[in-house]
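Before any comments, here is the structure.
No value in this document is a laboratory result; all are computed from the given coordinates. Treat the numbers as computed from the prediction; the structure is a model and nothing was measured. Cβ placement follows ideal geometry from the backbone for every residue including glycine, while neighbour counts extend to all protein chains displayed.
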Amino acid sequence: MVLDGQVWLITGAGGIGGATARLAAVYGARVFICGLAEEDCRQVAAECGGEFHVGDLSDPAEAEKAVARCITELGPVDALFNVAGGSGRRFGDGPLHLISDDGWEKTFDSNLRTTFNMSRSVLRRMIARNQGAILNMTSVTAYSPEPKHFATHAYAAAKGAVISLTRTMAAYYAPHGIRVNAIAPGLVRTPMSLRAQTDEAILQMMKTRQPLAGGLLEPEDIARAAVFLLGPGSKMITGQVLGVDGGWEVA
């Protein structure tokens, strides 16, 4: 696979975002990183020979600024990977009857509004070029719940909305030569999953819930699938949700 000259905009520098950026750069992509943590963004951009922008992408103006800067620094966006998001547990996400208003809103801001803002800004440019690829981040918990350890209902609802958004985008933008897919990871060894990584009960469960991994997935497992879905090898694939979950859904 050759990505020479393609501009890939990736939201999120840690975990899956960083792993995808590094792999895309190996294949020749020009990578632009957006995120909240300046040091992480700077480090990944330096490793990839790319550029970066630091800001809260749940703010429409900030998302627009990030896309404009990417285009100024590297050129038109060929591929967008909406990785940015995360658990809302610290804000009050949990079982529905216990979720605080703040927990619900901040979880949706982080996981759905950022995808909306970035996709809208990028699509307005992609339509003019009649080409492009977008990959959205959802989760296996959006359609295969685990009530004992992962009862974060706002997160699941937001990720379910990402799936619906992905399919409707794919249908509408296919005539414009733009592909839109989603990727649904299981439990991955990232900064977001630190709680799970230190919980012995969850680690034991993962041995059978994700039998292909025998535990947690690695960011590189998701990155390989992401690079395929955004790259030329999947040019006839759109509107799909690819589960990369080590067997979670069927175990």
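Taking amide H as placed 1.01 Å from N in the peptide plane, the amide H of PHE52 sits under 5 Å from that of ILE33, each at least 5 places away or on another chain.
Taking the beta-carbon count within 10 Å as an exposure proxy, list TYR155, TYR173 from fewest neighbours to most.
Fewest-to-most ranking of TYR155, TYR173: TYR173, TYR155.
For region 1-101, the percent of C-alpha pairs falling in each 5 Å distance bin, counted from 0 to the bin holding the largest distance, reads 2, 14, 23, 22, 15, 8, 6, 5, 3, 1. Distance from the Cα centroid of region 1-72 to that of region 138-180 is 22 Å (rounded to whole angstrom). Less than 5 angstrom separates the built amide H of ILE134 from those of LEU80, ARG179, VAL180, ASN181, all sequence-distant by 5 or more or on a different chain.
Can you give the FRET efficiency for GLU39 and LEU212, using 1/(1 + (r/R0)^6), R0 = 35 Å, r = Cβ-Cβ distance, to the nearest 0.05? That gives a FRET efficiency of 0.60. Note on ILE10, ILE222, ILE127: ascending count of other Cβ atoms within 10 Å places them as ILE127, ILE222, ILE10, the fewest first. For the chain, the mean residue ellipticity at 222 nm estimated from helices alone is -13500 deg cm²/dmol, where every DSSP H run of n ≥ 4 contributes -39500 (n - 2.57) and the total is divided by all residues, rounded to the nearest 500. Quick check of the Kirkwood formula: for region 7-244, what is the inverse mean of 1/r over all pairs of different Cα atoms, in Å? Mean inverse Cα-Cα distance, inverted, gives 17.8 Å. Averaged over residues, the count of other Cβ atoms within 10 Å places the peptides 131-141, 207-217, 186-196, 11-21 in the sequence 11-21, 131-141, 186-196, 207-217, highest first. Near the amide H of GLU218, within less than 5 Å, lie the amide hydrogens of ARG189, all on another chain or at least 5 residues away, with H placed in the peptide plane.
Relative to the longest principal axis of the Cα atoms of the chain, the long axis of helix 38-48 makes an angle of roughly 60 degrees. Estimate the FRET efficiency between GLN197 and GLU64 by the formula 1/(1 + (r/R0)^6), using the beta-carbon distance for r and 51 Å for R0, to the nearest 0.05. In this case the efficiency is close to 0.90. Ordered by the count of other Cβ atoms within 10 Å of each Cβ, fewest first, VAL122, VAL54 give VAL54, VAL122.
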